[in-house]
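To keep things clear, I will list the structure first and then write my remarks on it.
Derivation of every value follows stated rules applied to the coordinates shown; laboratory data play no part. The shown structure was predicted, so the numbers you read here are calculated from the model rather than taken from an experiment. Neighbour counts are summed over all protein chains in view; Cβ atoms, including those assigned to glycine, are modelled from backbone coordinates with ideal geometry.
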Amino acid sequence: VNEAVDAILESRDTTCLIVAHRLSTIARAGRIVVLEDGRITESGTYKELVIICIKPI
C-alpha cells in the first residue's frame, strides 16, 4: 500500500484523498486533515501536526 501511495504522491498533478490510521501511510502527504467525530480538528503537514497535536494522530 505504501508503494502505491508513494507513486501517487510523486505525481504532483494529482489530488489524492487518503483515509488512513497508520502514520507511515500519510507522513509524505502535502497536507493532512485530522477528523474527530466528523469534524476537522487539525490540519497541516506531518511535521506541523507532530509538533502541535496533543492527541496522537
*What spacing in nm lies between the two simple spin-label points modelled at C16 and R39, each 7 Å away from Cα in the Cβ direction?*
3.1 nm
*Shape of the chain from its Cα gyration tensor (a ≥ b ≥ c, root eigenvalues): rounded if a/c is under 1.5, otherwise prolate when a/b > b/c, or oblate?*
prolate
*Subtracting the Cα-Cα distance from 0.36 nm times the residue separation, let me have the gained length for I8 to K47 in nm, one decimal.*
12.0 nm
*Report the relative contact order of the chain, percent, no decimals, based on alpha-carbon pairs under 8 angstrom and at least 6 residues apart.*
24 percent
